[in-house]
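Colleague: Have a look at this one before I ask anything.
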Amino acid sequence: MNSSVAHAIPDVQNSADSRQIAINKVGIKSIRHPVKVSDKTGGVQHTVANFNMYVGLPHNFKGTHMSRFIEILNGNEREISVESFEPMLREMVKRLEAETGHVEMTFPYFINKSAPVSGVQSLMDYEVTFTGEIHEGGRYEFTMKVVVPVTSLCPCSKKISAYGAHNQRSHVTVTATLNDHLWIEEVVQLVEGQASCEVYGLLKRPDEKYVTERAYDNPKFVEDMVRDVAGLLNAEKRIDAYAVESENFESIHNHSAYALIERDKRLEA
């Protein structure tokens with residue numbers, strides 16, 4: 001009886017389409033699922049990621065099977081790991097009979113940081129996105145995006161003022177296409193080392209004095225920030241291509257300052 005009922009229900013998505021127009025990406029957005037991420041200290045962080053999952057749809061298919069995306073997520077045990085990311089993506093492409101596929105997972109990642117003087121510890125959270133793509137021909141590509149909050153202090157303000165200088169919190173975003181493993185912590189440290197000063201979750205008064213003076217002694221324009229970070233990304237052999245962005249949330253203007261550098265090293269080989 002059940003088989004006869006199933007046989008009677010039409011599979012509309014699998015029917016033919018006559019418009020001769022392929023779709024680059026079709027799938028589901030903004031579904032949350034548990035993930036586990038290894039950290040550089042040897043531990044594992046359990047968190048929740050927001051997933052976007054797409055495949056390319058050939059011109060002759062009317063639609064894709066949306067429920068299969070959910071089945072694939074839930075079929076990867078309870079939590080998805082970085083190690084299971086590529087196999088999950090390849091399974092998705094195979095089950096949906098597609099040539100190309102795209103999966104993004106965005107999650108909060110926490111690093112325990114010590115204040116610069118008192119040494120008091122606190123957690124800092126960073127927004128991280130892992131993106132996997134299966135291109136035509138089956139080539140896999142992995143990209144890691146990390147948003148790093150930092151402090152920037154304006155060199156012009158320092159130069160023209162009798163005392164003081166305006167500073168602001170900035171978001172530096174590195175999006176890197178990798179050819180080998182790169183720790184999230186490595187990207188964070190690379191960016192924080194180029195800022196006017198790092199940002200911390202908890203500071204005592206001696207720490208606050210330190211970070212204030214550190215930023216004052218190390219002024220950076222938004223242009224300085226992206227150039228300094230790009231210089232280090234250029235030297236990192238595990239990175240094939242990158243984009244580095246800096247957005248400064250200005251403290252004396254009602255707008256942000258912004259800069260972007262992009263480079264694909266593979267085009268220069």
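Colleague: About the Cα centre of the stretch 137-263, how large is the charge dipole given +1 on each Lys and Arg Cβ and -1 on each Asp and Glu Cβ? Please answer in debye to the nearest 20.
Modeller: For the stretch 137-263, the charge dipole is close to 260 debye.
Colleague: Using the crude model of +1 on Lys and Arg Cβ and -1 on Asp and Glu Cβ, and no other charge, please compute the dipole size for the chain relative to its Cα centre, in debye to 20.
Modeller: That gives the chain a dipole magnitude of about 340 debye.
Colleague: Within 9 Å, Cβ to Cβ, of G56, how many net charges do the neighbouring residues add up to if Lys/Arg are +1 and Asp/Glu are -1?
Modeller: Residues close to G56 contribute a combined charge of -1.
Colleague: Among K237, K113, what's the order by accessible area (1.4 angstrom probe), most exposed first?
Modeller: From most accessible down to least: K237, K113.
Colleague: For the chain, what ratio Rg/Rh do Cα atoms give with a Kirkwood hydrodynamic radius?
Modeller: Checking Rg against Rh, the ratio lands at 1.08.
Colleague: Provide the per residue accessible area, probe 1.4 Å, for the chain, rounded to a whole number of square angstrom.
Modeller: Computed with neighbouring chains in place, this is 56 Å² per residue.
Colleague: Further, regarding this structure: Under 17 Å from the 7 Å Cα→Cβ point of N234, by amide nitrogen: which residues of the stretch 180-202?
Modeller: Residues 191, 194 qualify, since their backbone N sits under 17 Å from the label point.
Colleague: Sticking with this one: Could you tell me which of the pairs K237/K265; K25/K237; K25/K265; K159/K204; K158/K209 are separated by over 19 angstrom between their Cα atoms in the structure shown?
Modeller: K25/K237; K25/K265; K159/K204
Colleague: Hey, which aspartates and glutamates would be in cross-link range of K36, C-alpha to C-alpha under 17 Å, not counting anything within fewer than 8 residues on its own chain?
Modeller: The qualifying aspartates and glutamates are E77, E79, E83, E86, E104, D125, E127, E185.
Colleague: Continuing with this model, one more query. Which value, in Å² and to the nearest 10, is the accessible area of E86 when all protein chains are kept and the probe is 1.4 Å?
Modeller: 60
Colleague: Leaving ligands, DNA and RNA out of it, report the carbon-plus-sulfur percent of the accessible area of the chain at a 1.4 Å probe.
Modeller: 50
Colleague: May I ask for the angle, rounded to the nearest 10°, between helix 66-75 and the longest principal axis of the chain, with both axes built from Cα atoms and the value confined to 0 to 90°?
Modeller: Its long axis makes an angle of about 70 degrees.
Colleague: Placing unit charges on C-beta atoms (Lys and Arg positive, Asp and Glu negative, everything else neutral), compute the dipole magnitude of the stretch 65-216 about its Cα centre in debye, rounded to 20.
Modeller: Taking the Cα centre of the stretch 65-216 as origin, the dipole is about 880 debye.
Colleague: Where does helix 222-235 land angle-wise versus the long Cα axis of the chain, in degrees 0 to 90, nearest 10?
Modeller: 60
Colleague: Oh, and also: Would you work out which of P34, A162, L190 lies farthest towards the positive end of the dipole of the chain, given +1 charges on the beta-carbon of Lys and Arg and -1 on that of Asp and Glu, about the Cα centre?
Modeller: Checking the options against the dipole of the chain, the answer is A162.
Colleague: Right, another one. How much of S30 can a 1.4 Å solvent probe reach, expressed as accessible area in Å² and rounded to 10?
Modeller: In the full protein context, S30 sits at about 80 Å².
Colleague: Stretch N179-I23 to full length: gain in nm at 0.36 nm per residue minus the Cα-Cα span?
Modeller: Answer, rounded to one decimal: 53.3 nm.
Colleague: Less than 12 Å from a label point 7 Å out along the Cα-to-Cβ axis of F249: which backbone N atoms in the stretch 158-186 qualify, by residue?
Modeller: Answer for the stretch 158-186: 168-172.
Colleague: Dividing the convex hull volume of the alpha carbon atoms of the stretch 84-220 by its residue count, what do you get in Å³ per residue?
Modeller: Per-residue hull volume (Cα only) is 119 Å³.
Colleague: While we're on this one: At 1.4 Å probe size, with no ligands or nucleic acids counted, give the accessible surface of H33 in Å², nearest ten.
Modeller: Per-residue accessible area (H33): approximately 20 Å².
Colleague: If you fit an axis through the alpha-carbon atoms of helix 85-95 and take the longest principal axis of the Cα set of the chain, what angle between them do you get, 0 to 90°, nearest 10?
Modeller: 30
The values are calculated or read from the model by the stated rules, or taken from the named source; none is laboratory data. No experiment lies behind these values; they were computed from the predicted model shown. Neighbour counts run over all protein chains shown; Cβ positions are idealised from the backbone, glycine included. Areas reflect the complete protein model, heavy atoms only, side chains present, ligands, DNA and RNA absent. Shrake-Rupley method; radii C 1.70, N 1.55, O 1.52, S 1.80 Å.
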